[in-house]
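Written below as structure tokens is the structure these notes are about.
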Amino acid sequence: MKAAPTQGRQAHGLRIAILRALFNQQVTDGLLRGAREALAELGADLRRIQVIDVPGAFELPLVAQAAARSRRFDAIVALGAVIRGETDHYEHIAREAAAGLAAVARETGVPVGFGVLTVRRAAHALARSRRTGDNKGREAARAAVFTVHALRALRARGRRS
């Protein structure tokens, strides 16, 4: 099997939904910018990318499921930021967002790039959403594209057997 693509035109022709949680929007705007930049670097036609806003990270799995079931997208990139506060709310939201997005990918077969930050401090979230350095939106977009190709390679190999 071929190695995962790393540059060039691997996203060319792909239809991608980017789901952006609006809660902590200063952070998620940076994640969105990183995701779009990564997809452009991978050759995506930015007109084939649809950005869908949701209220917060908790809503990401439901909208991801609807997007995957619509069969309009080859991959989904889910972006959000869950920042620890003074209550246990953070843990519940982070757990449900992660488990829900993983379930969507497994149940539908549509890759879901996990770009949901779960951090203890707002400064950590801002650092992971900046243009320079470790942008989690960029990582999630690349992971979604690479997973599309891994699944296609497995399916093609299965047809040849």
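Computed from the coordinates by the stated procedures, all read-outs in this text should not be read as laboratory data. This is a predicted model, so every value here is computed, not measured. FYI the Cβ positions are ideal-geometry reconstructions off the backbone, even for glycines, and counts take in every protein chain you see.
The loop-placed trypsin sites (Lys or Arg not before Pro) in the stretch 102-138, going by DSSP, that have at most 11 neighbouring Cβ atoms within 10 Å of their Cβ come out as ARG120, ARG121, ARG131.
Across LEU79, LEU60, LEU14, mean-square fluctuation computed from a Gaussian network of the chain (C-alpha pairs under 10 Å connected) peaks at LEU14. Here the Karplus relation 6.51 cos²θ - 1.76 cosθ + 1.60, evaluated at θ = phi - 60°, turns the backbone of the stretch 23-35 into coupling constants of 5, 6, 4, 4, 6, 5, 5, x, 5, 4, 4, x, 5 Hz, with x for every Gly and Pro.
When the chain is fully extended, how far beyond the present Cα-Cα distance does THR87 get from HIS124, taking 0.36 nm per residue of separation?
Values: separation 37, 0.36 × 37 = 13.32 nm, distance 1.85 nm.
Between THR87 and HIS124, full extension yields an extra 11.5 nm.
A Förster distance of 41 Å, applied to the separation of the beta-carbon atoms of ASP29 and LEU154, puts the FRET efficiency at 0.70.
What separates the Cα centres of the stretch 89-146 and the stretch 25-46 is a distance of 13 Å. The ratio of the alpha-carbon radius of gyration of the chain to the globular-protein estimate 2.2 N^0.38 Å is 1.02. If the chain linking LEU62 and GLU41 were pulled fully straight, counting 0.36 nm for each residue of separation and taking away their Cα-Cα distance, it would gain 4.7 nm.
Rounded to the nearest 0.05, the FRET efficiency derived from the C-beta distance between ILE52 and ALA99 at R0 = 22 Å is 0.60.
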